[in-house]
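Trainee: The structure is given below, and queries will be raised subsequently.
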Amino acid sequence: MDSKIVELKTPASAEFARSVRMLAANLAVVCGLSIDDVEDVRMAAEEGFVYACATEQDFCDILFAIDEAQIRMSFSLGPCRDVEDAYEEGSFDYAQLILGSVTDEYSIDDGHTRLTVLKKMGGAE
């Protein structure tokens, strides 16, 4: 499969988390990822989206880049850089723990405008 880009723009609201994770899971299946990897992608998509919502933006732009071996998800971030305060006590550390355990890479760019997570076929095990 050639590389494909899928874009999604959704209100930055928790009620849309299911839509984001379902699309991410479907795209992971298209990439040929294993059932375990698809589940990891679902979890990473939800945690990434919740993080993006905590940055005080009205809409979240999500870019999915897929090919036969991986899926990369890039979430737009709003102006709030201190998102830890938006989480319930202890849950911010939990979100980072989840992203670190179910993805091969995750990072926030230097300008704090995008959160990017990467899941490779058979990775993060």
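Trainee: Quick test for you: out of Ala86, Ala24, Ala17, Ala65, pick the one residue that is modelled with pLDDT under 95 and not aromatic (Phe, Trp, Tyr).
Mentor: Ala86
Trainee: What single numbered condition from (1) touching a helix residue (DSSP H, G or I) at 6+ places or on another chain (Cβ under 9 Å); (2) within 12 Å of Lys119 (Cα to Cα); (3) surrounded by fewer than 20 Cβ atoms within 10 Å (Cβ to Cβ); (4) of a type outside the set (Lys, Arg) fails to hold for Asp104?
Mentor: In the conditions (1) touching a helix residue (DSSP H, G or I) at 6+ places or on another chain (Cβ under 9 Å); (2) within 12 Å of Lys119 (Cα to Cα); (3) surrounded by fewer than 20 Cβ atoms within 10 Å (Cβ to Cβ); (4) of a type outside the set (Lys, Arg), Asp104 misses (1) alone.
Trainee: Consider Phe49 against the criteria (1) touching a residue at least 40 places away in the same chain (Cβ under 8 Å); (2) in a helix (DSSP H, G or I); (3) in contact with a strand residue (DSSP E or B) (Cβ under 9 Å, 6 or more places away or on another chain); (4) of a type in the set (A, V, I, L, M, F, W, C): it satisfies all of them except one. Which criterion is unmet?
Mentor: Unmet for Phe49, out of (1) touching a residue at least 40 places away in the same chain (Cβ under 8 Å); (2) in a helix (DSSP H, G or I); (3) in contact with a strand residue (DSSP E or B) (Cβ under 9 Å, 6 or more places away or on another chain); (4) of a type in the set (A, V, I, L, M, F, W, C): (1).
Trainee: Condition check: closer than 13 Å to Thr116 by Cβ and at pLDDT below 95. Does Leu33 satisfy that?
Mentor: no
Trainee: Identify, please: which residue in region 52-62 is surrounded by fewer than 21 Cβ atoms within 10 Å (Cβ to Cβ) and touching a strand residue (DSSP E or B) at 6+ places or on another chain (Cβ under 8 Å) and is, among those, modelled with the lowest pLDDT?
Mentor: Among residues in region 52-62 that are surrounded by fewer than 21 Cβ atoms within 10 Å (Cβ to Cβ) and touching a strand residue (DSSP E or B) at 6+ places or on another chain (Cβ under 8 Å), the one modelled with the lowest pLDDT is Gln57.
Trainee: Continuing with the same structure: Which members of region 1-35 meet the condition of being out of contact with any strand residue (DSSP E or B) (no Cβ under 8 Å at 6 or more places or on another chain), touching a residue at least 24 places away in the same chain (Cβ under 8 Å) and part of a helix (DSSP H, G or I)?
Mentor: Once the filter is applied, which keeps residues that are out of contact with any strand residue (DSSP E or B) (no Cβ under 8 Å at 6 or more places or on another chain), touching a residue at least 24 places away in the same chain (Cβ under 8 Å) and part of a helix (DSSP H, G or I), region 1-35 yields Ala14, Ala17, Arg21.
The values are calculated or read from the model by the stated rules, or taken from the named source; none is laboratory data. Quick caveat: nothing in here was measured; it's all calculated off a predicted structure. With ideal geometry, Cβ positions are generated from the backbone for all residues, glycine too; neighbour counts draw on all protein chains shown.
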